[in-house]
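The values are calculated or read from the model by the stated rules, or taken from the named source; none is laboratory data. Just so you know, these numbers come straight off a predicted model, no measurement behind them. Don't worry about glycine lacking a Cβ; one is built from the backbone with ideal geometry, like all the others, and counts go over all protein chains shown. Just the protein is used for accessible areas: all its heavy atoms, side chains included, with ligands, DNA and RNA removed. Shrake-Rupley method; radii C 1.70, N 1.55, O 1.52, S 1.80 Å.
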Amino acid sequence: MTALKARDVSGFLNKPDLRSGIILIYGPDAGRVRETTDQLQKHFQGKDADPMNLISLQYADLDNADATIETEANTTSMFGGQRIVRVRSATNALAPTLERLAAEDVPAIILIEAGNLTPKDNLRKVMEKAKSARALPCFADDARSLDQLMREMFRENQVQIDNDALQALKDQLGNDRQITRSEVEKLILFAAQSKKITLEDVINLCGDNAMLALDEIIDSAGTGHVQKLDQALSRAFDSGIHSSAILTRSLMHFTWLRTQRAKMEEGTSLDQLVNSARPPIHFSRKAKVQTQIRTWSSGNLATACTRIYDAIAQTRKNASLDIAHTRQALLAIATIAARH
């Protein structure tokens, strides 16, 4: 059997035990599949790679895929060196061809990229049985492996990242390895001179700008920072965020505050209210949200919700004045907060 466990893939990548043959790289994480194949390609090419020895094929685009792959795999390099045939987006239809190539002991290294394969898939079964083949699973990263990847990349480039900035980066990224690597590389390039990454850098460079803009608007209104709110609204409108999105998000927030205020008056602690929120509140906002629950009265929250309802109705009646109505309503709410 030549099937590798996920835990064994790293060791294989550091020291592949094949000089020729077929390597199947498969899994649900397309980014990690691609990255793993890139690493293998780099290993077999060596330092002084001849670009003519690399044949890159997209399986779905080939008119006669089986014949093309067989021909390329059995062609001898004109100027010597390792010949590499890389096939992207392979399917089970390629299994018979790879089974024949594995039995022929071809001189090339054939790198096959595929999506998620079950043990019943022919492509995986054939590669796992062949002595001259290896099957490498690439599963989605978990929080621990992504944390390790980010720390290693920052360390290798001698870039220091603040703990809160690293946490924010992990919160904003998914579990796709390629996306994670791309975002970290962007930050490393940004910090080429300073060699330091702060929370503000992460928010500005990697955050969901629309969501961050909306959070800044509602938190500025809810904490009574009138000038900051006015600036946040201007930035949001300039970036193309529609007033309906701002008012809807604001109404949801202040309605939620009413519920949390009632729970607090019944004895639930602020920490419990904020920590149990769904969706979770980002740690950078928790103190602001706690302040809003604590300082807004039930009556004032009802007034704020009514004000937003009225603004939504006015913008629907006269869309040309939507920005003015939105700004007026939220500034009025911020003024209420500032007085208390």
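Counting residues that are of a type in the set (Lys, Arg), which helices (runs of 4 or more DSSP H) fully inside the range 251-340 reach at least 3? Please lay out each step first, then the result.
Values: elements: 270-275, 286-295, 298-317, 322-339.
So the answer is 286-295, 298-317.
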Conditions (1) at pLDDT 90 or above; (2) under 30 Å from residue 283 (Cβ atoms): number failed by residue 87: (2)
Neighbours by Cβ (under 6 Å, 6+ apart or cross-chain): first from the range 138-156, among the acidic types (Asp, Glu); second part of a helix (DSSP H, G or I): 141/177
Complete set of residues in the range 17-41 that are of a type outside the set (A, V, I, L, M, F, W, C), more than 25 Å from the chain's Cα centre (by Cα) and not in a loop (DSSP other than H, G, I, E, B): 21
Of residues in the range 118-136 being farther than 14 Å from residue 103 by Cα and part of a helix (DSSP H, G or I), the one least open to solvent (accessible area, probe 1.4 Å): 123
Residue 280, sole failed condition from (1) modelled with pLDDT under 95; (2) open to solvent by 70 Å² or more (accessible area, probe 1.4 Å); (3) touching a helix residue (DSSP H, G or I) at 6+ places or on another chain (Cβ under 6 Å): (3)
Complete set of residues in the range 289-307 that are buried (at least 17 other Cβ atoms within 10 Å of the Cβ), out of contact with any Lys or Arg (no Cβ under 8 Å at 6 or more places or on another chain) and touching a residue at least 40 places away in the same chain (Cβ under 8 Å): 289, 292, 300, 304
Matching residues in the range 86-117 - criterion: being among the charged types (D, E, K, R), closer than 12 Å to residue 74 by Cα and outside any helix (DSSP H, G or I): 105
